[in-house]
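Each remark here refers to the structure printed beneath this line.
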Amino acid sequence: MDVVTQWNSDVEMVEHFLKHDQRSWTEVALAVAEDVVKALEPLKAATVVKSPTVSVNAPLHAQLLEKMKKMSNIF
């Protein structure tokens, strides 16, 4: 059975560690964690909309694509 990935909990977990546990992280690990949050935030934003209609879905899709294009420059 496949397990659905839950992006929101991943983002929230990394955000929590960034806020509360930075001293135990290396500089590289902090940079990677910040990039992970930046990459997953648009996915989190797109999934918190409950029962989106087409009028909500189209702008969300456009915003998600735009943010992902910007993120491709980071990686």
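The values are calculated or read from the model by the stated rules, or taken from the named source; none is laboratory data. Because the structure is predicted, anything quoted here is derived from the model rather than measured. Neighbour counts are summed over all protein chains in view; Cβ atoms, including those assigned to glycine, are modelled from backbone coordinates with ideal geometry.
List pairs: first residue in the range 1-13 and more than 19 Å from Asp35 (Cβ to Cβ), second residue modelled with pLDDT of 70 or more anywhere in the structure, Cβ distance under 6 angstrom, at least six positions apart or on different chains.
Nothing qualifies.
I need every pair where a residue in the range 27-44 that is under 17 Å from Lys67 (Cα atoms) has its Cβ under 6 Å from the Cβ of a residue that is at pLDDT below 90 and among the basic types (Lys, Arg), sequence separation at least 6 or different chains.
Within 6 Å, the pairs are Pro42/Lys67.
Pull up the range 49-73, narrow it to residues that are part of a loop (DSSP other than H, G, I, E, B) and surrounded by 10 or more Cβ atoms within 10 Å (Cβ to Cβ), then point me to the one that is modelled with the lowest pLDDT.
Pro52
Mind counting the residues in the range 29-48 that are at pLDDT below 80, over 10 Å from the mean Cα position of the chain (by Cα) and aliphatic (A, V, I, L, M)?
1
Is it the case, given these coordinates, that Thr26 is at pLDDT below 85 and of a type in the set (S, T, N, Q)?
No, not satisfied.
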